[in-house]
Each structure stands twice: as structure tokens, then as C-alpha cells.
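Here is the structure we will look at.
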Amino acid sequence: MSEPTRSTRPAAAPASLRASDLELVDRFRRFADRPAFDRLVERHQRWVRGVCARILRSGDLAEDAAQEVFARALDHIGAWRGDNFPGWLKAIAVNCSLTIIDREKRWAPLEGVPESPSASPNPEQVLLLAQRSETARALIARLPDKQRIVFVMKYIDGCSYEDIERLTGFTGKEVKSFLQNARRNFSNWFSATPEGQP
């Protein structure tokens, strides 16, 4: 008698692995299914940490920010209404990162000091860059939330317009409008500072 043939097909993944983000969100809301939320964290924590690291320029601070992102998401997921869970997380990540910058009173320069193996940077240039960076940080923090999100995503995180649309859920028209208003506000405010004077 011949042995039964074993199937070479992989076993089906557990439902929590196959479920979409929205299905996991719904499961968590309806049944307080903590493993469903934990699956969302596992699915998204790596790129969320990456977003925070690009803004904060610090692995340790990015780790703290990523934990804060998911803590805030857990607190507010019951009230969230939308169909773009990664976009919502991205917005939280940007805001958490900016909050940490404000709290730590630190800001990685928007333009790094050129490195030269033969000479150390001019101290006046270093000071000027630091002053401009501090001023830029303060001005970015003044922007309204939606303007600040698209401004940071475009100019600090390096996202394309399409990525910003996809991750935030804003329409293309909204992204361009928020960015145009953010640039105008930033430029006007910067020109009124000592660093912005000719």
C-alpha cells in the first residue's frame, strides 16, 4: 500500500498575517483584539522608525519616537476615521519627531557643514549654520499642522509628491496647496529674522 502523498503547498498563514490593515484595525476596535494591534505594530514599526530617524538624525531618539507613535495610535485608534492607516501613522511619526525636537531643543542642520579632510570647518560658518538651523527649526514648528507635515516630508524626509499623497491621504491639490503656503510662510518669516537679512 502506497503512502499518502504529502502536499508541498505551504500551510496557510494565520488570519492575522493575511488581514489588511483596516481589517486589523476593525478587529481591534470591535473585539479589543490586542494581537491584531500588535500585528499592525510588527507590520509598520520598521519604516516608522526609519521616518523618525531621518527627521531626528538619531537612532536612539528615533526608537523613542517610534514607541510614542504606536502609543498615540493605540490611544486614538478608536476615533480614527480613514482608509489609509500608513498615512495616519506617517503623520503621527512626523508630529512625534517634531515634538521630540522641540523637547530636546536640538535640530540636525538642514545643510551639513562640508567635510574637508585637509582643513577643519571655519568656526564662523559652523556658528552661522547652527543659527540658521535653530531659526529653521523654530519656523517649521510655527507652521500649521498640515503645512508642517508636507514641508517636513518634502524637504527633510525627501518624499516625492506621490509619496506624500499616498502616505498622508491628502489629494495632489491639497499637497501642492499646503506646500505652497508652507514655503511662503517659511520664506516670509525667515526674511524677517536677522539670519534672513541680506
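Just so you know, in the range 130-145 the residues that are surrounded by fewer than 17 Cβ atoms within 10 Å (Cβ to Cβ) and at pLDDT below 85 include one that is nearest to L179 (Cα to Cα), and it is D145. Checking each residue of the range 3-20 against the condition of being more than 19 Å from D163 (Cβ to Cβ), at pLDDT below 90, of a type in the set (V, I, T) and not assigned by TED's automatic domain parsing to the domain that holds D163 gives at least one match. Residue count for the range 50-71, restricted to those that are at pLDDT 90 or above, crowded, with 19+ Cβ neighbours inside 10 Å and either over 16 Å from the mean Cα position of the chain (by Cα) or more than 13 Å from V94 (Cβ to Cβ) (or both): 1.
Scanning for something among the acidic types (D, E), modelled with pLDDT of 80 or more, in contact with a helix residue (DSSP H, G or I) (Cβ under 9 Å, 6 or more places away or on another chain) and not assigned by TED's automatic domain parsing to the domain that holds C52, does the range 146-160 turn up at least one residue?
To start, the set of residues in the range 146-160 that are among the acidic types (D, E) comprises 157.
Filter once more, so that each one left must be modelled with pLDDT of 80 or more: none.
No, that holds for no residue.
Screening R132 with (1) closer than 24 Å to W80 by Cα; (2) assigned to a helix (DSSP H, G or I) gives one miss only, at (1). I'd like to know if the range 103-117 contains one or more residues that are touching a helix residue (DSSP H, G or I) at 6+ places or on another chain (Cβ under 9 Å), within 28 Å of F186 (Cβ to Cβ) and modelled with pLDDT of 80 or more. No, the conditions are met nowhere in the range 103-117. Entry remark, the range 146-189: residues being surrounded by fewer than 15 Cβ atoms within 10 Å (Cβ to Cβ) and touching a residue at least 40 places away in the same chain (Cβ under 8 Å) number 1 in total. Apart from one condition, L74 fits all of (1) surrounded by 15 or more Cβ atoms within 10 Å (Cβ to Cβ); (2) at pLDDT 85 or above; the exception is (1). Checked against (1) modelled with pLDDT of 55 or more; (2) surrounded by fewer than 20 Cβ atoms within 10 Å (Cβ to Cβ); (3) not acidic (D, E), S120 meets all criteria but (1).
The values are calculated or read from the model by the stated rules, or taken from the named source; none is laboratory data. The shown structure was predicted, so the numbers you read here are calculated from the model rather than taken from an experiment. With ideal geometry, Cβ positions are generated from the backbone for all residues, glycine too; neighbour counts draw on all protein chains shown.
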